[in-house]
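Colleague: Next up is a structure, given as structure tokens.
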Amino acid sequence: MSPTTTVDVAAAARAHPARLQLGRRLRSRSAIGVLMCLPLILLIGGLVGYPFFYSIYLSLLNKRETAFVGLANFRYLLTVDTFWMVVQMSFLFTGLAVLWKAILGFTLAVVINTLPVRGQRIWRGLSLIPWVMPLALSSLGWWWIYEPTHSALNWILALLGISPKPWLSEPSWAKFSVILVNIWYGTPFFMIIYLAGLKSIPNELFESSAIDGASAWQRLRFITLPMLKNIIAITVLFSTIVTFATFDIIRVLTRGGPRQSTHVFATYAFELGIATGDVPLGAAVSLFMFPILAVSAFFILRGIRRSTM
Amino acid sequence: MTLRTKRSRRKLTLVACYGILLLFVVFFLFPPYWMAITSLKTNHEIEGLKGIPLIIQEGVTFQHYRDLFEKTDFLIYFKNSVLVTVPVVFISMLISVLAAYALSRLGFLGAGVIGTAVFLVYLVPDSLLFIPLFKIIGMLGLLNSKWSLVLVYPTLIVPFCTWLLIGYFASIPKELDEAALVDGANHWQMLVRIFLPVAVPGIIAATIFAFTVSWSGFLYPLAFLFSSDQQVLTTGTVTSLIKGDVYHWGGLMAGAVLACLPPVLLYVFLMDYYISGLTSGSTKG
């Protein structure tokens, strides 16, 4: 087809849109596809891609954002004690919270799955409530629960003959408290994903193994866990990202205190970048999260590709 | 194993299951319960150390709720939350539906790359980018304006909703749209007349997700907004209702309960859609 005829066809199409043939329309698919994706591309490019690179740029500036200082912000952070406490707390928080969310979520899913089908819906529904409430507001509720003199937790402890605890004012108890809230919030998510996974295991597998005399534990160990391996891995990685990036719970409950002991990357970055106004340093702190998030994302993507193929 | 021992063992398993479930449900529901009863107690009872705090003893009072409406900016926060959430849900769904249709049906060059990018962007948490976004919002002159949230919230919502809808659209048989194309439908008609009606459960799940994320957002409003007239419910309740060193727990809990109500009610009525959305794409937790 010569260039002139192409132009002619295009001109004809413009003049008589009704004459468009099916083949021609199939060729225009790409154009329509790109057009329909354009808002998405603009959104991701403008409000995720651009800010990401802008963040790197910001982290290379001095406090007043007037001069390039190279990696000085990153080097400086590595010399600050608080920063190392943040690193430690972030890993402790993520490790313990994800571990317990996975264990409790799995237990809950298995327990609910054992019930008669009619009864499952209500228990599943009730168990999901913590996950539905806005986290900042439920953290506010927890704050009140942890209140040392007038609230419920120490009252219950006293009832059991245990001495009251300074839930949020002593570093190790404060760490325990914020992790507990994260477990409370995230366990339902694990439960719902694992429950869906359990439903996808064919019942014949359990029936035939029961006839062979397998105990409940053996069925769990040799059928359920291997069948759910991929889902367990993806959910754990997924939750690792979200838990590692936690902000609401710590900001509301402790604001990083007492004595900076409960700061994680997100709250520390907020403290430096927004509250005290050192934007470049704050940007540097949040960028430290990136490698962990990127590695988890890589494995999630690999896991999902595998499970769909 | 005889039938009888089998049956009694089954019974024992069930009793154990209900026991464990009860522990879990007490753990899960204690915070909302505690928030709700605190909001209905008199100040005198909250501050008193007598009796059992787990129940209301001195009678129910709605004073905290009345104070919330009459003496604080709570209604402004509520209005702002609605003003932010409605356009965010609308914009997010529009972008997601268009993109999901294109990505699942129009197999063009780069569709695969965009699909993967959408998923990766979904994994980006708000706490990674709030500092550059703070600067960008400042440059756009939107600092301390609730409209900044309308601009940035879709980044948290659109990737997941697109991902979820791609899945729903992919389940629609290809013959359906090939037939429609031969009959002369254009892509817009196909999307509106065929895909949307079939994907209603997916659309509802995505809409609930969009609503919940927008309603619960905390980091962005905390970073971008500072005056009371621009606050939304999460930040307004947490920051502005706490005044001085004396915490008015009754009022605070009343505010938290009211602010939690819309997503919880939505969930109570549309639980099945919500859960199907959750499990089809894995949201965050």
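The values are calculated or read from the model by the stated rules, or taken from the named source; none is laboratory data. Bear in mind that the values here come from a model prediction, so they are computed numbers and not experimental data. A quick note on method: Cβ atoms are made from the backbone with ideal geometry, for glycine too, and the neighbour counts reach across all protein chains shown. Note: areas computed on protein heavy atoms with side chains; ligands, DNA, RNA excluded. Shrake-Rupley method; radii C 1.70, N 1.55, O 1.52, S 1.80 Å.
Colleague: Any idea of B:ASP183's accessible area? Nearest 10 Å², probe 1.4 Å.
Modeller: It works out to around 130 Å².
Colleague: Between the stretch A:51-126 and the stretch A:238-292, what's the alpha-carbon centroid distance in Å?
Modeller: Taking the Cα centre of each part, the stretch A:51-126 and the stretch A:238-292 sit 9 Å apart.
Colleague: Within chain B, which is the longest segment that contains none of the trypsin sites (Lys or Arg not before Pro) sitting in a DSSP loop with at most 16 other Cβ atoms within 10 Å?
Modeller: My reading of the result: B:51-242 is the longest stretch.
Colleague: Can you list the residues of the stretch B:112-152 whose accessible area drops by at least 50 Å² going from the chain on its own to the full set of protein chains, with a 1.4 Å probe?
Modeller: Relative to the lone chain, where solvent access is computed with a 1.4 Å probe, the stretch B:112-152 loses at least 50 Å² at B:PHE119, B:VAL121, B:LEU123, B:SER127, B:LEU128, B:LEU129, B:PHE130, B:ILE131, B:PRO132, B:LYS135, B:ILE136.
Colleague: Give me the residues in the stretch A:266-295 whose solvent-accessible area, probe 1.4 Å, is reduced by at least 30 Å² once all protein chains are included instead of the chain isolated.
Modeller: A:PHE270, A:ILE274, A:VAL279, A:SER286, A:LEU293
Colleague: Here is a further query. Rounded to the nearest 20 Debye, what is the dipole magnitude of the stretch B:4-153 about its Cα centre when Lys and Arg each give +1 and Asp and Glu each give -1 at the C-beta?
Modeller: Once rounded to the nearest 20, the dipole reads 1160 debye.
Colleague: At 222 nm, what value in deg cm²/dmol follows for chain B if DSSP H runs of at least 4 each add -39500 (n - 2.57) and the sum is divided by all its residues, to the nearest 500?
Modeller: The helix contribution divided over chain B gives -23500 deg cm²/dmol.
Colleague: Carbon and sulfur: what percent of the stretch A:58-144's accessible surface (1.4 Å probe)?
Modeller: That share works out to 68 percent.
Colleague: With a 1.4 Å probe and all protein chains left in place, how much of the accessible area of chain B comes from carbon and sulfur atoms, in whole percent?
Modeller: C and S atoms contribute 68 percent here.
Colleague: How much accessible surface does A:TRP84 have with a 1.4 Å probe, in Å² rounded to 10?
Modeller: Counting only protein heavy atoms, the figure is 130 Å².
Colleague: Provide a whole-number value for the mean count of partner chain Cβ atoms within 10 Å of the Cβ atoms in peptide B:256-262.
Modeller: What the average comes to for B:256-262 is 4.
Colleague: Counting heavy atoms of the protein chains only and a 1.4 Å probe, report the per residue accessible area for chain B as a whole number of Å².
Modeller: In whole numbers, chain B has 44 Å² accessible per residue.
Colleague: May I pose another question? Excluding ligands and nucleic acids, what accessible area in Å² is computed for B:ILE114 using a 1.4 Å probe, to the nearest 10?
Modeller: 30
Colleague: Once every DSSP H run of n ≥ 4 in chain A is given -39500 (n - 2.57) and the sum is divided by its residues, what mean residue ellipticity at 222 nm do you get, rounded to the nearest 500 deg cm²/dmol?
Modeller: Estimated from H runs of four or more residues: -22500 deg cm²/dmol.
Colleague: Rank these residues by their accessible area, most exposed first, probe 1.4 Å: A:MET85, B:MET190.
Modeller: A:MET85, B:MET190
Colleague: Next up: What pairs from A:LYS175/B:LYS41; B:LYS71/B:LYS146; A:LYS229/B:LYS11; A:LYS101/A:LYS175; A:LYS63/B:LYS135 go past 24 Å between their alpha carbons?
Modeller: Where the Cα-Cα span goes over 24 Å, the pairs concerned are A:LYS175/B:LYS41; A:LYS229/B:LYS11.
Colleague: Now for a separate question. Checking understanding here: applying a Kyte-Doolittle mean of at least -0.5 and a length along the axis of at least 15 Å (C-alpha), which whole DSSP H helices in chain B pass?
Modeller: Qualifying helices, which must be both long enough and hydrophobic enough, are B:3-39, B:74-105, B:111-122, B:126-139, B:147-170, B:200-216, B:249-281.
Colleague: Short version: which residues of the stretch B:4-30 lose at least 20 Å² of accessible area, all chains versus chain alone, 1.4 Å probe?
Modeller: Residues shielded by partner chains are B:ARG10, B:LEU14, B:CYS17, B:TYR18, B:ILE20, B:LEU21, B:PHE24, B:VAL25, B:PHE27, B:PHE28, B:LEU29, B:PHE30.
Colleague: Using protein heavy atoms only (no ligands, DNA or RNA), what is the total accessible area buried between B and A, 1.4 Å probe, nearest 100 Å²?
Modeller: 9000
Colleague: Please arrange B:HIS44, B:HIS64 by accessible surface area, largest first, computed with a 1.4 Å probe and ligands excluded.
Modeller: Descending order: B:HIS44, B:HIS64.
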